Amino acid sequence: MVLDLENPPVLFLEPITADIRPILDEAGLADVLAVEEPVWNTDFSWLRKELGKNLTKYPDELAVYVAYVDDKPASSGWVYFHPGTHFASLWGGSTLPEYRKKGLYTALVAVRVQEAIRRGYRFLTIDAGPMSRPIVARHGFQLLTTAYECNLKPA
């Protein structure tokens, strides 16, 4: 799905009222994992290493955010900026079940939309799953194609 940032929905341009903080170093990624691991019920230590590496080596190509409720991590998401293109891409976007339906996911999308616009990107893409697709579609993202996971098993 893609959103044209030249004319985004007004909702994404309004001031962010949720407590959303940028994660600037690997230590802060513990809060990302505090959301991702229980949501997906899996070990995301590899993600901490990958995001940490990218925050260190390519800080201009990645922005990571966590939404907090009562100072506890509640939702997380990040955006990659693809140099030499007009595209940025949304990743993550997970919210702990007890914090869903409170606007945190939409606020995280909005903060990443605003950052992509600030950096001069024209389009924002997302590989939206079944929970995210209705939310982002309601806010102007258009379906272009569908991606399917394929796994090659060695013979």
Within the stretch 20-52, of all residues that are exposed (fewer than 12 other Cβ atoms within 10 Å of the Cβ) and part of a helix (DSSP H, G or I), the one nearest to the chain's Cα centre (by Cα) is Trp40
Regarding the stretch 27-48, can at least one residue be identified that is touching a strand residue (DSSP E or B) at 6+ places or on another chain (Cβ under 7 Å) and of a type in the set (D, E, K, R)? yes
Criterion first (over 13 Å from the mean Cα position of the chain (by Cα), at pLDDT 95 or above, within 21 Å of Pro15 (Cβ to Cβ) and of a type in the set (Ser, Thr, Tyr)) does Tyr65 satisfy it? no
Restricting the stretch 135-155 to residues that are charged (D, E, K, R) and exposed (fewer than 10 other Cβ atoms within 10 Å of the Cβ), the one modelled with the highest pLDDT turns out to be Lys153
All conditions in (1) modelled with pLDDT of 95 or more; (2) touching a helix residue (DSSP H, G or I) at 6+ places or on another chain (Cβ under 6 Å); (3) aliphatic (A, V, I, L, M) are true of Leu55 except (2)
Taking the stretch 93-113 and the residues there that are of a type outside the set (A, V, I, L, M) and in contact with a helix residue (DSSP H, G or I) (Cβ under 7 Å, 6 or more places away or on another chain), the one that is nearest to Pro8 (Cα to Cα) would be Thr106
Cβ pairs under 9 Å, 6+ apart or interchain, first in the stretch 1-17 and surrounded by fewer than 11 Cβ atoms within 10 Å (Cβ to Cβ), second part of a strand (DSSP E or B) and at pLDDT 95 or above, ordered by first then second residue, are Glu6/Phe123
Flagged pairs (Cβ under 8 angstrom, 6 or more apart or on separate chains; first in the stretch 119-142, among the basic types (Lys, Arg); second part of a strand (DSSP E or B)) are Arg119/Phe81; Arg119/Ala88; Arg122/Asp4; Arg122/Phe87
Q.
Taking the criterion of being surrounded by 15 or more Cβ atoms within 10 Å (Cβ to Cβ) and in contact (Cβ under 8 Å) with a residue 40 or more places away in the chain, would at least one residue in the stretch 86-94 satisfy it?
A. yes
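The values are calculated or read from the model by the stated rules, or taken from the named source; none is laboratory data. Everything numeric here is computed off the predicted structure, so don't read it as measured data. Because the Cβ atoms are built from the backbone with ideal geometry, glycine has one as well, and the counts that use them run over all protein chains shown.
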